[in-house]
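The values are calculated or read from the model by the stated rules, or taken from the named source; none is laboratory data. Here the structure is a predicted model, which means the values were calculated and not measured. For neighbour counting, all protein chains shown are included, and Cβ atoms are generated from backbone atoms with ideal geometry for every residue, glycine included.
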Amino acid sequence: MLEVNSRLRCTRAYIKEGICLYDCTLARPQKRFSLDKASHRANLRHERTNTMGKIFIADDERIGRASAVIKVGGLVAFPTETVYGLGANVYNPHAVAGIFKAKGRPTFNPLISHIWHKDQLPDLAKTDSRASFLAEKFWPGPLTMVLPRKEQNPSLDLVCAGLPNISIRCPNHPVALKLIKLSNCPIAAPSANRSQSISPTTALAVLESLEDNVDMILDGGPCAVGVESTIVDLTTPKTTILRAGGLTKEELEEALNEPIYLSDGNPNRPTSPGQMLKHYAPSKKFRINALSAEKDELFIAFGPDFPDAKMNLSKTGDLREAAANLFAYMRQADETMEYERIAMAPIPETGLGLAINDRIRRAARN
Ligand code: TXA
Ligand code: MG
């Protein structure tokens, strides 16, 4: 607690009062729809919470300030192409401990280390031709690779939760890349939300989830991909997806020209510790594979067959658009007071549909 308090005092010196240039229009999904009074109330609540002045438009000056915050051991939330991350210097265990505390995350759940260029990969991990090939092909992008740690560097023990492996990704977002580069260190960053709540795809959602537990939030607008990165285990010859995400199984198979396996959550097989944890669930009853709404249900549609639906993840049936809208729509559906339950249309089990269905099933399961 002491370290965290002194860290905050220290980092606040870098964030002068009154430089928050928050712009509401940037921080919401581009696709707007009008819902009801409850959603409007939620928006007003967002605007009130921002009086804490934590959100900053991610221009060059603010990214520079944010890198100074990282250098002194502070926590910065920043946009990536997938979801917003809560970042700290990977080599500073006190700062990394601050991430676990801010999120209420168990320390057995390792964090992804973010780098700004693929050439940084060998600093952290033992690489091989498969890893180098995937880095070349898909970075920067929504691919996280799990590899053996290069050396047992004790300062990385907390980031890696004591595991012999490390997960690494190079995000495809100019703000994230610049922040990592200027910070002069890889940045450990889980999704910028309280543990077991939904990943944020806007700066406002970060603020609402983490409130005062973050020193600075860089606002780069809504995340384009909208679901988290695909995590691939490369520690065995069998390439296995531990978490479906923004890079599809089909893209990986085509690139490697070999079958890609899916982790089935069996504890005897490799998996991401985080996949075992209780996951975000809407507070409302949540029905999946629904073809229409029943009484008291808010229907979240997908595709052109539902012209009258209030919410449609993608009217044209575009899985990319659906992934980008998913978390924001689930959050809004949960906040609306007009309906007691939520029903979600079926999503095809191909491409990004794998990641979307994973998140939806886990939400419905809890
Ligand atoms: O898109 C993303 O991946 C976002 C952005 C911010 O980069 N990050 C993210 O981090 O989703 P997080 O911490 O919310 O989820 C990372 C998952 C967790 O389930 C964790 O258990 C798993 O990655 N993980 C991290 N290191 C691992 C490792 N060495 N082996 C297996 N799983 C690992
Ligand atoms: Mg997360």
Q. Filtering segment 88-109 down to residues that are within 16 Å of ligand 2 (Cβ to nearest atom) and more than 23 Å from residue 208 (Cβ to Cβ), which residue is modelled with the highest pLDDT?
A. 96
Q: Those residues that are closer than 25 Å to residue 155 by Cα and either outside the structural domain of residue 87 (by TED's automatic domain parsing) or touching a helix residue (DSSP H, G or I) at 6+ places or on another chain (Cβ under 8 Å) (or both), I need them from segment 190-209; list them, please.
A: 190, 192, 193, 194, 195
Q. In segment 57-87, what residues are away from ligand 2 (no atom under 16 Å from the Cβ) and either β-branched (Val, Ile, Thr) or in a strand (DSSP E or B) (or both)?
A. 57, 63, 69, 70, 72, 76
Q: Find all pairs meeting these conditions: Cβ atoms under 7 angstrom apart; at least six residues apart or on different chains; first residue within segment 121-147 and under 25 Å from residue 323 (Cβ atoms); second residue surrounded by fewer than 21 Cβ atoms within 10 Å (Cβ to Cβ) and β-branched (Val, Ile, Thr).
A: 146/235
(Q) Can you find a residue that is among the β-branched types (Val, Ile, Thr) and without any contact (Cβ under 8 Å) to a residue 24 or more places away in the chain anywhere in segment 68-75? (A) no
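Provide a single number: the residues in segment 212-255 that are at negative phi and either outside the structural domain of residue 96 (by TED's automatic domain parsing) or part of a loop (DSSP other than H, G, I, E, B) (or both).
Selection size over segment 212-255: 23.
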Q: Scan segment 167-194 for residues that are within 9 Å of ligand 1 (Cβ to nearest atom) and surrounded by fewer than 19 Cβ atoms within 10 Å (Cβ to Cβ) and jot them down.
A: none
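Residue by residue, here is whether (1) under 17 Å from residue 227 (Cβ atoms); (2) buried (at least 20 other Cβ atoms within 10 Å of the Cβ) holds:
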site: 275; (1), (2): yes, no
site: 297; (1), (2): no, yes
site: 301; (1), (2): no, yes
site: 305; (1), (2): no, no
site: 308; (1), (2): no, no
site: 338; (1), (2): no, no
site: 344; (1), (2): yes, yes
